[in-house]
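To start, the structure under review is shown below, and the notes come after it.
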Amino acid sequence: MIKNFMALILNMYRHEIENGENMELDLSAVVKASNVLLAKNDMISNNLANINTSGFKRDDIVFDVLEQGYEKDVPINQFTDYNQGDLKSTGNLMDFAISGDGFFTLESEQGQVYTRNGHFSISEEGIIEDSSGSRLMGTSGPVEVLGQNGVPGEVRITENGEVMVDGDIVNKILISDFQDKHQLEKIGNNLFKANEGATPEAIESTGIVQGFLETSNINPVSEMVKLIDMHRQFEATQKVMRTFDQIAEDAINEVGNI
């Protein structure tokens with residue numbers, strides 16, 4: 001990996017020289033490669049910071065050294081890993097975990113948003129909401145759990161998402177999914193928002209487990225290994241820069257000997 005990374009930068013420069021495209025020493029390839037590493041560092045750091053965030057989905061970036069060859073503008077491809085995390089028992093009846101695909105659907109100040117974080121509470125109005133006050137949506141609107149006496153009743157969630165209050169079915173949790181999850185964008189606070197034109201689909205096959213939360217899908221050991229490897233790549237860029245310095249020095253000496 002490190003050898004490929006160094007080869008990518010050096011080959012970019014050599015390709016330019018051989019084709020007469022730029023006879024001046026150009027470190028922009030190193031700068032752009034460093035930008036890739038900085039982006040990867042930020043992403044890994046964010047993953048590690050969210051190890052204990054319920055339902056968090058890890059991010060990563062890739063750039064194919066072999067496929068890009070001598071191209072100087074190496075594209076950075078970012079993606080989110082939507083694989084499910086483990087389900088952890090909390091004993092809190094306002095904690096819900098999705099077992100399968102899909103997202104909880106929330107009504108927020110930013111419009112309709114989506115999350116895998118199932119940690120909820122009941123508002124003073126008797127509506128199930130998340131920590132920021134966004135309302136959990138059901139198939140018939142926001143999930144309200146007021147009993148006949150006007151106060152929140154005993155809430156039970158069936159495996160297929162039906163919401164029962166004091167034994168009566170009052171709503172069904174709306175689980176939304178997207179055929180192309182690239183249509184989703186992270187907007188912070190463990191929330192996703194659909195891009196313009198994206199249409200969510202309500203799914204019935206996903207199960208909901210009450211009293212559980214989904215853990216993040218981050219493997220801390222794997223992320224630390226990536227972090228160490230990335231730091232080695234930073235060291236590789238420094239070696240490349242020293243190589244460029246040597247090339248420049250040799251060129252100056254050759255000119256002086258003419």
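Computed values, structure above
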read-out: Under 9 Å, Cβ to Cβ, from Lys186 - net charge with Lys/Arg +1 and Asp/Glu -1; value: 0
read-out: Counted charge near Glu162, where neighbours are those whose Cβ lies closer than 15 Å (Asp, Glu -1; Lys, Arg +1); value: -4
read-out: Additional length obtainable on full extension of the chain from Ser99 to Gln112, 0.36 nm per residue less Cα span; value: 2.5 nm
read-out: Under 13 Å, Cβ to Cβ, from Gly153 - net charge with Lys/Arg +1 and Asp/Glu -1; value: -3
read-out: Order of Tyr114, Tyr82 under a 10 Å beta carbon neighbour criterion, fewest first; value: Tyr82, Tyr114
read-out: Highest average packing first - 133-142, 147-156, 231-240, Cβ atoms within 10 Å; value: 133-142, 231-240, 147-156
read-out: For region 87-214, Kirkwood radius (reciprocal of mean inverse C-alpha pair distance, Å); value: 14.7
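Each value in this text was obtained by applying a stated rule to the coordinates, not by laboratory testing. The structure presented is a predicted model; accordingly, all values stated were derived computationally and were not measured. With ideal geometry, Cβ positions are generated from the backbone for all residues, glycine too; neighbour counts draw on all protein chains shown.
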